[in-house]
Amino acid sequence: MDNIKESKTKVVHKGERVVSTEESAVDYCERVYPQTTDEFKTIMDEMYVTFCKKQRNYGPDNISVGTDLKTTDDIKISLTGIWFRLNDKIQRLKQLVVLGQPDEVGESIQDTYEDMSVYGVIAQIVQRGKWAK
């Protein structure tokens, strides 16, 4: 049992980095990668603003497909719609990134990644039963 306690407080040196097993993953990342974690938070804030603007423009029915999302079938239809939207974005990235096609519609690669991320969050909200509430 003492070995378990010791391993929880063990400090490991890896190059210049010191890793404490008591330190949370968030604290560790923020300490070791401060610019990366700050940028992650900035991007999440930007995504939230975009999400709110699109919600205001479209409303919740574009995701709920006119249902109240109370049945398994309603949720499946909604998630299928999100899947199609994500697939559209993946195909767009294929054209822009993989095939090097020029942007013809005014949607940048960054916009496409943001849309994909937001749809991922929306799918989780739908699955958790919190959409439009």
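We did not get these values from a lab; they are worked out from the coordinates using the rules stated. Just so it is clear, the structure is predicted and the values come from calculations on it, not from any experiment. Here the Cβ is made from the backbone with ideal geometry for all residues, glycine too, and neighbour counts use every protein chain on show.
Assigning unit charges at the beta carbon (Lys, Arg +1; Asp, Glu -1) and nothing else, what dipole magnitude in debye, to the nearest 20, does the stretch 46-104 show about its Cα centre?
Result for the stretch 46-104 is approximately 100 debye, rounded to the nearest 20.
Kirkwood hydrodynamic radius of the stretch 47-133, from the reciprocal of the average inverse Cα-Cα distance over all distinct pairs: 13.8 Å. For the stretch 40-111, averaging the sequence separation of C-alpha pairs within contact (under 8 Å, six or more residues apart) and dividing by the residue count gives a relative contact order of 15 percent. Look at where the Cα atoms of the stretch 100-129 and of the stretch 79-97 average out, and the two centres are 8 Å apart.
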